[in-house]
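Undergrad: Next up is a structure, given as structure tokens.
The values are calculated or read from the model by the stated rules, or taken from the named source; none is laboratory data. The shown structure was predicted, so the numbers you read here are calculated from the model rather than taken from an experiment. With ideal geometry, Cβ positions are generated from the backbone for all residues, glycine too; neighbour counts draw on all protein chains shown. The area values use the complete protein model at the heavy-atom level, side chains included, leaving out ligands, DNA and RNA. Shrake-Rupley method; radii C 1.70, N 1.55, O 1.52, S 1.80 Å.
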Amino acid sequence: MKMIVGLGNVGDQYAGTRHNTGFMVLDQFAMTHQLTFTQHKMEADLASGMVNGEKVLLVKPTTYMNESGRAVGPLMKFYKLTLDDLVVVYDDMDLHVGRIRLRTHGSAGGHNGIKSLIAHLGTDQFNRIKIGTDHPKRESVVHYVLSRFSLEQQGPLAEALDHSTKALEEWVAGTDFPKLENQFN
């Protein structure tokens with residue numbers, strides 16, 4: 001089984017915001033593969049099914065961003081998954097909108113959702129896909145990450161969501177994550 005975690009905040013007021021790009025990728029992946037988020041377990045909304053011959057579990061923590069690890073850690077234990085079975089998708093202000101970056105490990109880089117995952121998993125050695133959101137120019141970081149993408153950013157954002165979905169499909173099909181780094185970065 002492969003677990004794909006998208007980071008974001010629950011609630012209509014956060015839909016479409018920069019901080020919810022992880023949820024956006026999971027929604028696109030689910031729609032592409034006709035999966036629906038019908039389960040709620042261990043503080044997360046879940047969708048599951050077969051993709052490319054592999055059982056896939058999509059996870060949207062309902063703990064809000066800063067406590068994402070509270071849902072992911074127990075789910076990893078419950079399903080007896082290893083870190084190789086996990087990919088986390090989330091927003092990154094240090095990348096331009098439209099860019100994605102895959103990594104097999106790394107620090108939280110100031111991202112509170114990743115800090116929580118590292119704390120609950122006990123390591124920073126897990127696969128991730130970062131989605132570029134650009135850095136705020138004059139507004140506070142908190143206000144910026146909770147704002148929506150501009151009209152001119154919609155096209156590049158759609159490309160990033162497409163590339164992220166394609167990378168996840170290839171990973172689920174068995175492509176080694178470091179190979180995907182070379183292909184998609």
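Undergrad: I'd like the residue in the stretch 125-140 that is assigned to a loop (DSSP other than H, G, I, E, B) and under 15 Å from the mean Cα position of the chain (by Cα) and, out of all such residues, is surrounded by the most Cβ atoms within 10 Å (Cβ to Cβ).
TA: Within the stretch 125-140, the match that is surrounded by the most Cβ atoms within 10 Å (Cβ to Cβ) is 133.
Undergrad: Taking the residues in the stretch 1-26 that are of a type in the set (D, E, K, R) and in contact with a strand residue (DSSP E or B) (Cβ under 8 Å, 6 or more places away or on another chain) as candidates, determine which candidate is farthest from residue 113 (Cα to Cα).
TA: Restricting to residues being of a type in the set (D, E, K, R) and in contact with a strand residue (DSSP E or B) (Cβ under 8 Å, 6 or more places away or on another chain), the top hit is 2.
Undergrad: Same structure again: So which pairs qualify, if the first residue must be in the stretch 94-115 and in a loop (DSSP other than H, G, I, E, B), the second must be open to solvent by less than 60 Å² (accessible area, probe 1.4 Å) and of a type in the set (Phe, Trp, Tyr), the Cβ gap must be under 8 Å, and the two must be at least 6 apart or on different chains?
TA: 97/149; 104/126; 104/177; 105/126; 111/90
Undergrad: Hey, among 64, 14, which residue is on the phi > 0 side of the Ramachandran plot, open to solvent by 40 Å² or more (accessible area, probe 1.4 Å) and modelled with pLDDT under 95?
TA: 64
Undergrad: Here's a check for you: in the stretch 1-11, which residue that is over 12 Å from the mean Cα position of the chain (by Cα) and of a type outside the set (Val, Ile, Thr) is most open to solvent (accessible area, probe 1.4 Å)?
TA: Here the residue is 1.
Undergrad: When residue 151 is evaluated against the numbered criteria (1) of a type in the set (A, V, I, L, M); (2) open to solvent by 10 Å² or more (accessible area, probe 1.4 Å); (3) in contact (Cβ under 8 Å) with a residue 12 or more places away in the chain, which criterion, by number, is the only one it fails?
TA: Failing condition for residue 151: (3).
Undergrad: Name the one entry in 76, 93 that is touching an Asp or Glu at 6+ places or on another chain (Cβ under 7 Å), crowded, with 17+ Cβ neighbours inside 10 Å and either within 24 Å of residue 178 (Cβ to Cβ) or not hydroxyl-bearing (Ser, Thr, Tyr) (or both).
TA: 93
Undergrad: Could you list all residues from the stretch 21-55 that are in contact (Cβ under 8 Å) with a residue 40 or more places away in the chain and open to solvent by less than 10 Å² (accessible area, probe 1.4 Å)?
TA: Across the stretch 21-55, the qualifying residues are 21, 22, 25, 26, 29, 51.
Undergrad: Return the residues of the stretch 154-185 that are open to solvent by 50 Å² or more (accessible area, probe 1.4 Å), out of contact with any Gly (no Cβ under 8 Å at 6 or more places or on another chain) and in a loop (DSSP other than H, G, I, E, B); say none if nothing qualifies.
TA: Within the stretch 154-185, 174, 176, 185 qualify.
Undergrad: Which residue pairs have Cβ atoms under 8 Å apart, sit 6 or more places apart or on different chains, and have a first residue in the stretch 56-81 that is under 14 Å from residue 20 (Cβ atoms) and part of a strand (DSSP E or B) and a second that is of a type outside the set (A, V, I, L, M, F, W, C) and open to solvent by 60 Å² or more (accessible area, probe 1.4 Å)?
TA: Every condition considered, the pairs that remain are 61/43; 61/67; 61/70.
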